[in-house]
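The values are calculated or read from the model by the stated rules, or taken from the named source; none is laboratory data. Just so you know, these numbers come straight off a predicted model, no measurement behind them. Don't worry about glycine lacking a Cβ; one is built from the backbone with ideal geometry, like all the others, and counts go over all protein chains shown. Ligands, DNA and RNA are excluded from the accessible area calculation, which covers all protein heavy atoms including side chains. Shrake-Rupley method; radii C 1.70, N 1.55, O 1.52, S 1.80 Å.
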Amino acid sequence: LLILTFQYPFTKWIILLPVVFMIFGSIVISGADTVLKVVSSLNKIIFFILAIGLLCRSRKILKTCINIWIKLWVFLGVMAILSSLGYATGLIHFSPLEFSEITPGLYYFYLSNSIFGNLNPRTILDIQVGRVAGYAYEPGQLAFFFGFNILIARSWVNEKQLKFFTWVNFMAGLATFSMTFLSFFVFFFLVNFSFVDNKSRYIMAPPLFLCFAWFLYYIIDVGALGFTSAEDRFIRLVLAGDIIKDNTWFTTLFGNGIGVAVKRGEMGLSSAPVNILVERGAIVL
């Protein structure tokens, strides 16, 4: 990226780098975190700035990256669908995998296949399902990217591939059994339909929103949230709130250091923006 940056002068983006070095330098000097962790975060932000600068300036490189992204996620989407179908029908064999054997302290239990990746077996409403994680760390993380792909499809994918790309990502997203993915797209469909410029929306929108409200009530009433990470994430959000309450002006701006939540609550923070605010502070966020 540095070599390409010298080939394509990105003056608007390069000017951010000294500012970034000053911010992270102040974290090191203040002793808010270890040098190793600060450098690790700094590398990611430098990469982010240089990559955006490069893609904004070089349309050819941007187009190549988009094409690679589309082909990659069509492949991963098809693999996720096949993985789900293979597990449901018993045609694909998955072996038990204890994550704690790889990373001590993590107790995820997966069924693993060397080609299709991992499944998280769960019983949802007395039905045995395999939540596809593929090669992501968790099914929910994989679902996020399938959802992201659906939202950007019209901007990135040509008309011939659009429908196929969208449906592959949607079906693959369902294969993760992510309640967030499902709820978001139900709500997304309702909001989009409500803003369609035709007379039928005034008739159809109210009952559709009532259906969505019933859907939320139903999944709560039958205890479906007990099969998700909702409760765990809420607990972590409360923990983040407690840390923020104890902030000084300095820790509000520059953060409390990576791993502060683990030290205080014996668990990490699951929301990335909240995590950055707590550990790296408002300036970096």
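Miscellaneous remarks
- Test: residue in segment 197-208 that is modelled with pLDDT of 75 or more, of a type outside the set (Ser, Thr, Tyr) and surrounded by 14 or more Cβ atoms within 10 Å (Cβ to Cβ): no
- In the set (1) over 26 Å from Glu279 (Cβ atoms); (2) of a type outside the set (Ser, Thr, Tyr); (3) not in a helix (DSSP H, G or I), the condition left unmet by Lys63 is number (3).
- Number of the exception - Gly90 against (1) at positive phi; (2) in contact with a strand residue (DSSP E or B) (Cβ under 6 Å, 6 or more places away or on another chain): (2)
- Among helices (runs of 4 or more DSSP H) entirely within segment 214-285, having at least 1 residues that are more than 25 Å from Leu36 (Cα to Cα), at pLDDT below 75 and open to solvent by 30 Å² or more (accessible area, probe 1.4 Å) singles out 230-245.
- Here Ile92 meets each of (1) under 23 Å from Ser178 (Cβ atoms); (2) open to solvent by 90 Å² or more (accessible area, probe 1.4 Å); (3) not in a helix (DSSP H, G or I) with one exception, condition (2).
- Count of residues meeting criterion [crowded, with 21+ Cβ neighbours inside 10 Å, aliphatic (A, V, I, L, M) and in contact (Cβ under 8 Å) with a residue 60 or more places away in the chain] in segment 122-154: 1
- Qualifying residue in segment 86-106 (condition: under 25 Å from Ser270 (Cβ atoms), in contact (Cβ under 8 Å) with a residue 40 or more places away in the chain and hydroxyl-bearing (Ser, Thr, Tyr)): no
Residues are listed down the side, and each one gets a yes or a no for (1) in contact with a Ser or Thr (Cβ under 9 Å, 6 or more places away or on another chain); (2) touching a residue at least 24 places away in the same chain (Cβ under 8 Å):
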| position | (1), (2) |
| --- | --- |
| Asn43 | no, no |
| Ile49 | no, yes |
| Gly53 | yes, yes |
| Cys56 | no, yes |
| Lys60 | no, no |
| Gly77 | no, yes |
| Ser84 | yes, yes |
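- Residues that are open to solvent by less than 80 Å² (accessible area, probe 1.4 Å), at pLDDT below 90 and hydrophobic (A, V, I, L, M, F, W, C) do not occur anywhere in segment 112-121.
- Scope segment 48-85; condition charged (D, E, K, R), under 23 Å from Phe165 (Cβ atoms) and surrounded by 15 or more Cβ atoms within 10 Å (Cβ to Cβ); matching residues: none
- Scanning segment 152-164 for residues that are assigned to a helix (DSSP H, G or I) and either of a type in the set (Ser, Thr, Tyr) or touching a Phe, Trp or Tyr at 6+ places or on another chain (Cβ under 8 Å) (or both) yields a total of 3.
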